[in-house]
């Protein structure tokens, strides 16, 4: 679809975003790119693909930060691990087998 020199950008984008970028360039309201120009090298096309990649990577980073923030809310810093609850006091009872007489 795009010139092979843009492979390093296109490989980092999902296929759906590559298709969307092509459609947007072809159907731009003020200055559409002709279909035959999509296959050629162009500063405009490269710039648009880089911009699309930047927006995509920023959205991934926001999702990652949001997920990490949610984990921090669920796991306070004082806990050593997220899946381990803080130690609760325990009472150990030992049955020695001896019965006491409680008569006074």
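Residues checked against (1) assigned to a helix (DSSP H, G or I); (2) touching a helix residue (DSSP H, G or I) at 6+ places or on another chain (Cβ under 8 Å):
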position	(1), (2)
6	yes, yes
13	no, yes
18	yes, yes
22	yes, yes
28	no, no
48	yes, yes
Please name all residue pairs, on different chains or six or more residues apart, with Cβ atoms under 8 Å, provided the first residue is in segment 54-73 and is under 15 Å from residue 13 (Cβ atoms) and the second residue is part of a helix (DSSP H, G or I). 56/17
I'd like to know if segment 81-104 contains one or more residues that are assigned to a helix (DSSP H, G or I), modelled with pLDDT under 75, under 31 Å from the mean Cα position of the chain (by Cα) and over 25 Å from residue 15 (Cβ atoms). no
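The values are calculated or read from the model by the stated rules, or taken from the named source; none is laboratory data. On a predicted model such as this, the values are computed, not experimentally measured, just so you know. In this analysis, Cβ positions are derived from the backbone assuming ideal geometry, glycine residues included, and neighbour counts consider all displayed protein chains.
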